[in-house]
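My questions will all concern the structure given below.
Only the coordinates and a few stated rules stand behind these numbers; no lab work does. Computed from a predicted model, the values in this text were never measured in an experiment. With ideal geometry, Cβ positions are generated from the backbone for all residues, glycine too; neighbour counts draw on all protein chains shown.
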Amino acid sequence: MLKYIVDVNLPYRFSLWHGEEFIHIDDEWTDSQIWEYAKENCLTIITKDTDFSDRVMLSKPPPRVIHIKLGNMKMREFHNVLSKIWVEICELSDQYKLVRVFEKRLDGIG
């Protein structure tokens, strides 16, 4: 069952985001198309794009947004950080319309 839509600005090859719950988009989708698809299919958008966090603050779910704000780091470190906290991120996403992921903390908003 599809639950997450992974934005193009995040690595496709992460084992963390493979499986039936995830759909990966490509460069051809606009932000509006991503938003509408996620809304129509009750999906959570996983992104590094601030536009989605701003937009979700002005609406009710769906969609929900997981905004990854880890900054610049090597891909291996990026994957390791997310792997350790992914379950907690998903739990927060079930409760809040926006989850912001920082290196040292998680914020659930709304």
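Here are labelled values, (i) 40, 28, 23; (ii) 33, 29, 25; (iii) 42, 37, 35, and one is the computed Cα extents along the principal axes in Å for what I pasted. Which one?
Matching the structure shown: (ii).
Arrange the following residues from fewest to most other Cβ atoms within 10 Å of their Cβ: 90, 42.
42, 90
Give the separation of the Cα centroids, segment 67-108 to segment 21-47, in Å.
18
Under 19 Å Cα-Cα from residue 74, which lysines qualify once same-chain neighbours fewer than 8 residues away are excluded?
Straight-distance partners of residue 74: 48, 84, 104.
What FRET efficiency comes out for the pair residue 28/residue 57, r = Cβ-Cβ distance, R0 = 25 Å, nearest 0.05?
So the FRET efficiency works out to roughly 0.40.
Now, a different point. What does the net charge come to around residue 63 if you take all other residues with beta carbon closer than 12 Å to its beta carbon, with K and R at +1 and D and E at -1? Before the final figure, lay out each step's value.
Details: positive: 3, 39, 55, 60, 64, 97; negative: 7, 31, 36, 40.
Result for the local shell: +2.
Fewest to most neighbouring Cβ within 10 Å: what's the order for 100, 105? Walk me through the numbers before you get to the answer.
Numbers: 100 18, 105 8.
The most exposed by this proxy come first: 105, 100.
How much length is gained if the chain between residue 50 and residue 104 is pulled fully straight, taking 0.36 nm per residue apart and subtracting their Cα-Cα distance, in nm to one decimal? Each step should come with its number before you reach the end.
Numbers: separation 54, 0.36 × 54 = 19.44 nm, distance 1.87 nm.
Contour length minus the Cα-Cα distance gives 17.6 nm.
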